[in-house]
Amino acid sequence: MFSFRVAAPLTAVLCLIALSLIATSGVGQQAQQNMLWSLLGINLVAAVTTVFLARMTINRWAESLRDYIITGKNAKNLPKEAIGVTREIRHRLRQLERERQRLCLSGPMWSSEALFRFVREHLPSEQIISISYRQPYAHKKAPDGGLTWMTPASGLVTAIEPIMKACGGTWIAVAMSEADRLAADQNGALMVPPDKPTYRLKRLWLSEEETAGFYAGFANEGLWPLATMAYVKPRFRASDWKTYQEVNQRFADAIVAEAKSDAPIVFIQDYHFALLPKLVRERLPNALIIFFWHIPWPNAEAFGILPWREEILRGLLPADIIGFHTQAPCNNFLDCVDTHIEALIDREHNSVRHGNDFSMVRPYPISIAWPDLEALSVPDIPACRKEVTESLGIAPDAKIILGVERLDYVKGIPERLRSFGIFLEKNPLWRGKVCFVQIASPSRSSIPAYADADKEVEEVVAEINKKYQTSRWKPIHLLKQNYAARELYRFYRSGDVFIVSSLSDGMNLVAKEFISARDDDRGSLILSEFTGSSRELVEAIIVNPHDEEKVADCFLRALTMSDEEQTARMKSMRERVKMNNVFAWAAQILGDAKQLHDRRQLNELLEKTGRDEKRAA
Ligand code: F6P
């Protein structure tokens, strides 16, 4: 650097001095000429040397500049001015990276490919281990003696399956039958989807006692009514609690056995596994643990009746992220932590510090993968309608009100059917012109409250049908069976009105599925205000399902809604659901998890540096 800066001006000054000396020396002309030629020669050598030195210096600068821009190190070879410019470049690059990431997270539309790339490029581990009670594929014996498979009725499965398809990894879930064992290898694992394998499903078999105590007992007779608050009294049996702990332990063992490193991404689903974050953290301290609670969370007072409330909270808090669908359950959860255990809560950042654990508590509204109706081989809308009306014996020009869910007391099925009865009572002209098709997939039938709900639904249907049925018209068609996606979409595309009247629902994905099915921009959606999705699908007709008279009026409103209004509402909801799809949901959670992981690493580094400095002092 010195050579370049000094050589050029020095040569020029020496030349000038030499020229003036020659001019004033008084020697002969020949001698002056010789001196000039020598001077020219010297100048030429000096110029070549200067260019050479300059190139060397520039090359050295360029190298240091590159090093400094990339690593922030090696600034000592750079001139002061270059350091300033380079800092600016580094700053701008960091800004651009942040913008790129932001864009990535809120980008035009998330797809399975984009999520796959995001996981590969940004996450600390490529191995995702997802855990849920319900498995994404269940095998059964076919009539010909072979094996066949089906997808169970579960919003959770609908949401998680596309993510696993996109990212690969392992999904650990409970097996249902001996046919499941026949389809798996000796470790209980198999690659799925069965028709296009992309990720590993590891099945665990529970004994009858385990299923009764863990699934039917503590999870579904205890936590489910406690969390959903649909006025069914929770049952808390000490024996169920013991089994719940044991089964959570079995899943923790399975996760550790599946982990390929000490820091996998462990993505735990739902209330069946509230103790897993703690159990996994003890054995894989570096794992990135994400817990998603798919159902509502009760307020602190209601939660307080749980005899093992502290154990449940302490079981969850070692998760890095505890996700809910909306802000209300996040607030309730933080209130519960505040009320029932000692922990530091940061309300501004929605986070909890409990001992060595730090968790972010955030809302992530779950969604669906926008369906490829062609790939699903779903016919066009008139064909769907024809198939449905013909199969159920409904008149081709009759209107159809549709409901689709598991037969669960929280779904408000008897309430909506009673509202339909009121509607028929109040609107005699509609009799014979509208049918209610209710799909109710059998669910948790060993639990008394579910058997009661089933009985109640049957009774209401029988009562209304008895009162209004004619030889040519049956008001309610109750279909108590499980349907594959293709068949469900056929129903969604044939309904004029779709009703979701849950008394309590974390999100409710069938509402979003209905919207995604309507590429004709038609159909009216009636949606309970007690679903998470009512926060997002604001163009729906929002109802209080307990107000049966009002819901009856909403049927009339929905059936008589003009085509223009239907289209305007539907278009807007379709755009939103398409954009806020399940890949965007996953990217948001995984993106937050990554930020947390980076912050944790930085803290560790700072702690280590602090320790080193102390030692050196
Ligand atoms: O979304 C709540 C949820 O309980 C899921 O955990 C579950 O898979 C789904 O509903 C269906 O319930 P189940 O698996 O008990 O049939």
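Bear in mind these aren't lab numbers, they're just calculated from the coordinates by the rules spelled out. Every value quoted in this text rests on a predicted model; they were computed, and no experiment measured them. When we count neighbours, we look across all protein chains shown, and the Cβ atoms used for this are built from the backbone with ideal geometry, even at glycine.
Spin-label model, N187 to S572: label points 7 Å out along the Cα-to-beta-carbon direction sit 5.1 nm apart. Applying Stokes-Einstein at 37 °C and 0.692 mPa s to the Kirkwood radius of the stretch 381-579, computed over alpha-carbon pairs, gives a translational diffusion coefficient of 196 µm² s⁻¹. Shown here is the pair-distance distribution of the stretch 449-545: with all Cα-Cα distances grouped in 5 Å bins from zero up to the longest one, the shares run 2, 11, 17, 18, 22, 18, 8, 2, 0 percent. Using the charge dipole of the chain (Lys, Arg: +1 at Cβ; Asp, Glu: -1 at Cβ; taken about the Cα centre), state which of F303, P143, G355 has its Cα farthest towards the positive end. The Cα lying farthest towards the positive end belongs to G355.
Normalised by 2.2 N^0.38 Å, where N is the number of residues, the C-alpha radius of gyration of the stretch 233-347 stands at 1.06.
Over all orientations, the chain has a Cα convex hull whose mean projected area works out to 43.1 square nanometres. In this structure the amide hydrogen of W171, modeled in the peptide plane, comes within under 5 Å of the amide hydrogens of S130, R200, L201, K202, none closer than 5 places in sequence on its chain. In this rough spin-label picture, where each label sits 7 Å from Cα along the Cβ direction, the R486-K80 distance is 7.6 nm.
Put simply, the amide H of R518, placed in the peptide plane, has no neighbours under 5 Å, leaving out anything fewer than 5 places away on its chain. From most to least packed by mean Cβ count within 10 Å, the peptides 410-418, 376-384 give 410-418, 376-384.
Panel note: the C-alpha atoms of the stretch 519-581, placed on their principal axes, show extents of 34, 27, 12 Å (largest first).
Spatial offset of the stretch 321-380 relative to the stretch 425-458 amounts to 32 Å, using the alpha carbon center of each. Estimated from helices alone, the mean residue ellipticity of the chain at 222 nm is -16500 deg cm²/dmol (sum of -39500 (n - 2.57) over DSSP H runs with n ≥ 4, per residue). Taking 7 Å steps out from each Cα toward its Cβ at L605 and T470 produces label points 7.7 nm apart.
Our coupling estimate for the stretch 138-146, obtained by passing each phi through the Karplus curve with A = 6.51, B = -1.76, C = 1.60 and θ = phi - 60°, is 10, 8, 9, 6, 7, x, 7, x, x Hz, Gly and Pro reported as x. If a spin label sat at a point 7 angstrom from the Cα of I341 along the line to its beta carbon, the backbone N atoms of the stretch 266-293 nearer than 12 Å would be those of 274-279. Given R0 = 56 Å, the distance between the Cβ atoms of A54 and I542 translates into a calculated FRET efficiency of 0.15. Efficiency by 1/(1 + (r/R0)^6): what FRET value for Q249 and K141, r their Cβ-Cβ distance, R0 = 25 Å, to the nearest 0.05? Approximately 0.20, to the nearest 0.05. For GluC sites (Glu not before Pro), the sites in the stretch 255-354 that DSSP calls loop and that have at most 11 other Cβ atoms within 10 Å are E342, E348.
Selection among Y489, A114, G169 by position relative to the dipole of the chain gives A114 as farthest towards the positive end (Cβ unit charges, Cα centre).
The slack in the chain from Q33 to D612, taken as 0.36 nm per residue of separation less the alpha-carbon distance, amounts to 201.3 nm. Peptides 420-426, 498-504 ordered by packing proxy, namely the average of other Cβ atoms within 10 Å per residue, highest first: 498-504, 420-426. Under a model in which nothing but the beta-carbon of Lys, Arg (+1) and Asp, Glu (-1) is charged, the chain shows a dipole of about 1780 debye around its Cα centre.
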